[in-house]
Amino acid sequence: MTEPILVPILDVSDLCVSYGKVEALHHVSLKVQPGQIVTVIGPNGAGKTTLLAAIMGVLPFGSGEVRYQGEVYRHIDIEQMVARGMTLVPEKRELFGEMSVADNLLLGAFMRRRLGFRDEQQTLDKVYSIFPRLKERHQQMAGTLSGGERQMLAVGRALMAQPKILMLDEPSLGLAPLIVREIFRVISDLRALGVAILLVEQNARAALQVSDYGYVLETGEIALAGESDALADDPKVVEAYLGLGGRKD
Amino acid sequence: MRSLLAPGPILGVFLVLLVLGPQFLPEFHITLLNYIGLYALVALGLVLLTGVGGLTSFGQAAFVGLGAYATAWLTTATNLPAWMGLLANPWGGLVAGMVVTALVALLLGLLTLRLSGHYLPLGTIAWGISLYFLFGNLEFLGGHTGISGIPSLSLAGFELRDGRHYYYLIWLVLLMAVWLTRNLLDSRAGRSIRALKGGVVMAEAMGVDTGRAKLVIFVLAALFACLSGWLYAHLQRFVNPTPFGLHIGIEYLFMAVIGGAAHVWGALVGAAVITILKQWLQDLLPQLFGATGNFEVIAFGLLMIVVLHRARDGLWPWLARWVPEQKSALAGRLREAEPLPRRAVPSGGTRLLEVKDAVKQFGGLLANDRMNLAVSAGEILALIGPNGAGKSTLFNLITGVDPPTSGEVHFLGEAVAGLNSRTIARMGMSRTFQHVRLLAGMTVLENVALGAHMRGRHGVPVAMLHLERGEELRLLAEAARQCERVGLGMHLDDAAGSLPLGKQRIVEIARALAADPCLLLLDEPAAGLRFLEKQALAELLKQLRAEGMGVLLVEHDMEFVMDLADRVVVMEFGKKIAEGLPHEVQIDPAVIEAYLGGVE
Amino acid sequence: MDLQIALLLGQDGIVNGAIYALLSLALVLVFAVTRVIFIPQGEFVAYGALTLASLQAGQAPGTLWLLLGLGVAVTAIDAPHAWRQGSRQLAGLVARQLVYPLVMIGLVFGAAGAAPKDWPLLLQVLLALAVVVPLGPQLYRVAFQPIAEAPVLILLIVAVALHLALVGLGLLFFGAEGSRTPAFSEAAFEVGGLTITGQSLWVVGASAVLIVALYIFFGRSLYGKALRATAINRSGARLMGISTTLAGKLTFLLAAAIGALSGILIAPITTIYYDTGFLVGLKGFVGAIIGGLVSYPVAAAGALLVGLLESFSSFYASAFKEVIVFTLIIPVLVWRSLTSRHVEEEE
């Protein structure tokens, strides 16, 4: 395996996060190259959501550092990261339920507008072309959308910020298989736009199918890492999920 | 190192100084101490209400007013109807004031305590103003001029004529109130009040009637305020509406918060600090500003903001660092206690829990779709499934936190769907919480004793007098026994919040066991445990199973589940997708797909 | 009571109710965005009215010194952070928090050539607003921003403490005597035997305009939408780069503006004392609570109802006017408790 010589857009090293006395992440390191899709998979409670929250600045981290676009951060300010092109689609979607789809999308471009850009209309057209369903429903309240449409809106809203790196937390959670397939198709299409993606998923098989590189997180530590194709065939992944490794027979 | 300061001697010195005070203090200081005592009595009620119970009131001054006006009117009115003649003296005034206050508090409490969070304090602001304007506008209460000529008190023929006489009465009453409050907090009834801060869901799951507990402390706090008002009226021998306005009510709350709202002695410290500060500022500020007015409120406001920014627990915890915590007198006698009676254990194989076609709908979302499962005595059933599969919702349906939209839940053969969680808990179902809900500041022993709440019966009045020590000892002994059993024997006196999260989960299990259940519901008990701790937990659960307990377990740690469970139910999208023995479920293609995603 | 009196009382009720409605909207807004139950809302009413009265009397209002004092405090707190962000940030901070108050002081003391006492009314009003309104975001910075994540109850106690401090400062700044400012308009209209004063039309008209302006701000503008987004879902809003601090300051700016303007509008109708604002604000509160602290239209309608109830009860039982208005809150709370599902607040 040869490491690309590119400078990673995101380089997390030795990240530790604790909730009170409980350590949720233990010396986690990972890299994302520009235009690459990297996935972090692992069973429930492994610390996947915590990892994204720490990188985004939603949670403070105890030790370690995050290097983003060449700059080192030891304390992260969410607004600053948004301004620098990092966006997170959280597990709970966090939509503005009592606002229209169009307004939700517009607010996705809030930081760009603050920074003086006036190109949200073009971005909006692009998002609508990716998710035609959102265009059809642009006047509908976000709270009345179906589960799949909500996820599309959450992703669409994040794209309105024209991110350099998009972090997705369990985009398939609670969605029916058909919609999961559509979401993953969009994720793999985004690569063509040059957006780097850090994808956190419980749905290991789908995630490894679309990604270039994968990490397996287990109880706060990276247990396995490798090219996604190789991980997909690694029996240890199944063990990590279903506890087959612990059986005595 | 042992501290040189022990709580006993400190209290002794304090009491001696208190008794001797009037011998050498000037009149002015006695007056100040009288006011500190009166204010501390009101603040003490707020400690119970706000600091312990988590309910905020800005309206206590109005209750002080009720106590003061009741006695003022009864002892001065000249045209009382004949049947009220018996009440036309200070003692009648006290009784009447207490009765009226209790009734008003009961009414206001019933109206506002049902509302969560911030509505209660807003309500207290509103009726604080209402009662104030009422005092000032009722003609028979003297309007804004008030009532004068209130007689002094006589105790056993001795007339209390000046401040020095009242000093002893006020401080005696205050110390009695402190004693009663401390007794209450250190009891079964007190634990149920302290449990309010752990959230309604947790407290109700322990069998605590939270609505009643809130009402009790609300009325008690009002009665303390009323008593203070009665003393005030006879000390001043004159009342008008001014000291019962909203701003004074706010000051009472400030006293409690600045002193340390969670501590009985915090009321005294807070009352002293604010009273002395007020005295000093009322002299200083008008000189400084060259104008007259209540400028001290500027300082109080700023002080309060600083305290809430920097030291939300007030001054007392800071002072208390110098005084070691006194252990309960019962702590040394736990071994001699007679065990509590136990529930009849259903014989092995008895069907304990049966969920039939349970449906739970939130708006358009079907969180549980015709779920079925059953747990028998002496069996461990594991409920697994990916995030968001609806396991927690099902837990809530079974335990009565949320009623099912349709379908049935049977526990011990009785239909329990729609019953509240308190009633279901009483029938013998105990649970732990996914997000640990312990009272972080309470010891492990007290937290676990809360679980045994339903096995005691003595209420507030008995607890205030500590006439329930026998029962309390048995409850604590039971709690200690459960702690030993789960391996927490070393931590009985540690604050629950100081333990690592994994251990806190074990405390939750001990608390559930203290209720003597026949069915145990565990929500992710192994999360955050180390390998050896997990093994110990598994051993414990196996032992409980052997004793005939039924266990329903939600858990993500598959190794743990597969080794332990007798049967496994797998959920996805609110539905049961598989059920069977652990090794069957593990190789079930539907389960693998649910966890790892579809194979295309 | 005959129709004549009823109409008169109704007019009074609507005029006061319009002010309560404005305040109730501000209260709902502040609570929705910051979770602060903004008890000091009424102090802005008094500060606005009394600052204008001071300017008209040719005195320097005490609020001017508060503006400077808070400016110094905010500069002291924020300077280290701004310094790290770069010299532009620091210059902006100094301009907003130090230079601006000094300019206001200059204007009050006649730096513009004439003392504000001799200015036209409109300019006097604008100057009063320019002095009072920035206190809103300043107070947010000092009192609430450091504890923005605290439970609602802690925020409420801080709000009450702030109210107390501001009332005391009001007494210090303006003294115990009340003030009444000249009417915006001396016109009076005779409609069917009922006299309608120009000032009451001003109050109702200005309130209506302000409500429409707020409606447009929240419905159309990016920042208005950003505030709504914060109110609906804070964490979602933060992920869009809408910071809690920005939203908090903007909200307090609006609340201060609404409060000060309300005070300036009613100052010609009622005598305003340093502590008048509290009761006025609380009546707005009764309206806000009728709206459950979430619904703007219901809050405004509730506030109007409070105004009418107050005006009619002052006719029937004038001594018990306040008792009646504040006791109204009890049935409202009962109704709320019966209709709203109990949701446990996770602290």
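The values are calculated or read from the model by the stated rules, or taken from the named source; none is laboratory data. Small disclaimer: the values here were computed from a predicted structure and weren't measured. So basically every Cβ, Gly included, is an ideal-geometry build from the backbone, and we count neighbours across all protein chains shown. These area figures cover heavy atoms from the full protein model, side chains too; ligands, DNA and RNA do not enter into them. Shrake-Rupley method; radii C 1.70, N 1.55, O 1.52, S 1.80 Å.
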**OP:** Of the conditions (1) open to solvent by 50 Å² or more (accessible area, probe 1.4 Å); (2) touching a Gly at 6+ places or on another chain (Cβ under 8 Å); (3) among the hydrophobic types (A, V, I, L, M, F, W, C); (4) at pLDDT 85 or above, B:V345 clears all except one; give me its number.
**Re:** (4)
Subject >> Residues that are open to solvent by 70 Å² or more (accessible area, probe 1.4 Å) and more than 11 Å from chain A (Cβ to nearest Cβ), drawn from the range B:571-600 >> reply: B:K575, B:K576, B:E579, B:L581, B:E584, B:P589
Original post:
Hey, which of the strands (runs of 3 or more DSSP E) in the range B:333-432, taking only ones fully inside, have at least 2 residues that are under 21 Å from B:M571 (Cα atoms) and charged (D, E, K, R)?
Top reply: B:351-362, B:365-376
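Among the residues of the range A:163-194, what is the count of those that are within 14 Å of chain B (Cβ to nearest Cβ), charged (D, E, K, R) and open to solvent by 10 Å² or more (accessible area, probe 1.4 Å)?
3
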Subject >> Cross-chain or 6+ apart pairs with Cβ under 8 Å, the range B:110-136 first and in a loop (DSSP other than H, G, I, E, B), then β-branched (V, I, T) and buried (at least 24 other Cβ atoms within 10 Å of the Cβ) >> reply: B:H118/C:I37
Subject >> Given (1) outside any helix (DSSP H, G or I); (2) within 14 Å of chain C (Cβ to nearest Cβ); (3) of a type outside the set (V, I, T); (4) more than 16 Å from the chain's Cα centre (by Cα), number of the condition A:R112 does not satisfy >> reply: (1)
Original post:
Within the range A:150-162, can one find any residue that is assigned to a loop (DSSP other than H, G, I, E, B) and either at negative phi or away from chain C (no Cβ under 14 Å) (or both)?
Top reply: yes
Original post:
Name the residues in the range B:101-117 that are β-branched (V, I, T), buried (at least 20 other Cβ atoms within 10 Å of the Cβ) and within 14 Å of another protein chain (Cβ to nearest Cβ), would you?
Top reply: B:T112
Original post:
When you look at B:A526, is it buried (at least 18 other Cβ atoms within 10 Å of the Cβ) and at pLDDT 90 or above, yes or no?
Top reply: no
Original post:
Among the numbered criteria (1) within 14 Å of chain C (Cβ to nearest Cβ); (2) under 30 Å from B:M464 (Cα atoms), which single criterion is violated by B:N294?
Top reply: (2)
Original post:
From the list C:A187, C:A176, C:A130, which residue is open to solvent by 30 Å² or more (accessible area, probe 1.4 Å) and away from every other protein chain (no Cβ under 14 Å)?
Top reply: C:A187
Subject >> Answer residue from the range B:559-570, given it is more than 12 Å from chain A (Cβ to nearest Cβ) and buried (at least 18 other Cβ atoms within 10 Å of the Cβ) and is nearest to B:A367 (Cα to Cα) among those >> reply: B:V569
Original post:
Since B:H247 meets every condition but one in (1) under 25 Å from the mean Cα position of the chain (by Cα); (2) part of a helix (DSSP H, G or I); (3) facing chain C (nearest Cβ under 10 Å); (4) not β-branched (V, I, T), which condition does it not meet?
Top reply: (1)
**OP:** Could you tell me which numbered condition B:V460 fails, if it satisfies all but one of (1) out of contact with any Asp or Glu (no Cβ under 6 Å at 6 or more places or on another chain); (2) over 27 Å from B:G332 (Cα atoms); (3) surrounded by fewer than 22 Cβ atoms within 10 Å (Cβ to Cβ)?
**Re:** (2)
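For the range B:312-332, which residues satisfy the criterion of being assigned to a helix (DSSP H, G or I), open to solvent by 50 Å² or more (accessible area, probe 1.4 Å) and more than 30 Å from B:R481 (Cα to Cα)? Spell out how you get there, then give the answer.
To start, the set of residues in the range B:312-332 that are assigned to a helix (DSSP H, G or I) comprises B:316-320, B:331-332.
From the residues that got through so far, the ones that are open to solvent by 50 Å² or more (accessible area, probe 1.4 Å) too are B:316, B:318-319, B:332.
Listed by number, the residues that qualify are B:W316, B:W318, B:L319.
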Original post:
Among (1) more than 30 Å from A:A83 (Cβ to Cβ); (2) open to solvent by less than 50 Å² (accessible area, probe 1.4 Å), which single condition is A:E201 missing?
Top reply: (1)
**OP:** Could you please find all residues in the range B:368-377 being buried (at least 21 other Cβ atoms within 10 Å of the Cβ) and closer than 25 Å to B:E559 by Cβ?
**Re:** B:V375
Original post:
Can you tell me which residue in the range B:542-558 is nearest to the chain's Cα centre (by Cα), limited to those that are in a helix (DSSP H, G or I) and surrounded by fewer than 22 Cβ atoms within 10 Å (Cβ to Cβ)?
Top reply: B:L544
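Can you tell me which residue among B:G207, B:G260, B:G266 is surrounded by 24 or more Cβ atoms within 10 Å (Cβ to Cβ), over 12 Å from the mean Cα position of the chain (by Cα) and at positive phi?
The match here is B:G260.
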Subject >> Residues (touching a residue at least 40 places away in the same chain (Cβ under 8 Å) and either aromatic (F, W, Y) or crowded, with 23+ Cβ neighbours inside 10 Å (or both)) located in the range C:232-246 >> reply: none
**OP:** Write out, first by first residue and then by second, each pair whose Cβ atoms fall under 6 Å of each other, whose residues are 6+ apart or on separate chains, and whose first residue, in the range A:59-71, is at pLDDT 90 or above while the second is assigned to a strand (DSSP E or B) and of a type in the set (F, W, Y).
**Re:** A:V66/A:Y73
Original post:
For A:V38, which of the numbered conditions (1) assigned to a loop (DSSP other than H, G, I, E, B); (2) away from chain C (no Cβ under 14 Å); (3) buried (at least 23 other Cβ atoms within 10 Å of the Cβ) fails to hold?
Top reply: (1)
Original post:
Of the conditions (1) farther than 23 Å from C:A183 by Cβ; (2) more than 14 Å from chain B (Cβ to nearest Cβ); (3) open to solvent by 30 Å² or more (accessible area, probe 1.4 Å), C:A255 fails just one. Which one is it?
Top reply: (3)
Original post:
Restricting the search to the range B:49-100, which residues are outside any helix (DSSP H, G or I) and surrounded by fewer than 20 Cβ atoms within 10 Å (Cβ to Cβ)?
Top reply: B:A77, B:T78, B:N79, B:L80, B:P81, B:A88, B:N89
Original post:
How about the range B:145-167: which of its residues are out of contact with any Phe, Trp or Tyr (no Cβ under 9 Å at 6 or more places or on another chain) and not basic (K, R)?
Top reply: B:T145, B:P151, B:S154, B:L155, B:A156, B:G157, B:F158, B:E159, B:D162, B:G163, B:Y166, B:Y167
Original post:
So how many residues does the range C:104-137 have that are outside any helix (DSSP H, G or I) and over 20 Å from C:F252 (Cα atoms)?
Top reply: 9
Original post:
Does A:L30 fit the bill of being open to solvent by less than 50 Å² (accessible area, probe 1.4 Å), in a loop (DSSP other than H, G, I, E, B) and more than 14 Å from chain B (Cβ to nearest Cβ)?
Top reply: no
Original post:
Which of the residues that make up the range B:141-190 are assigned to a loop (DSSP other than H, G, I, E, B) and in contact (Cβ under 8 Å) with a residue 12 or more places away in the chain?
Top reply: B:G142, B:H144, B:T145, B:G146, B:G149, B:I150, B:P151, B:S152, B:L153, B:L160, B:D186, B:S187
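Residue by residue, here is whether (1) more than 25 Å from B:M206 (Cβ to Cβ); (2) within 23 Å of the chain's Cα centre (by Cα) holds:
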position: B:P386; (1), (2): yes, no
position: B:G400; (1), (2): no, yes
position: B:P404; (1), (2): no, no
position: B:E408; (1), (2): yes, no
position: B:F411; (1), (2): no, no
position: B:T423; (1), (2): no, yes
position: B:Q434; (1), (2): no, yes
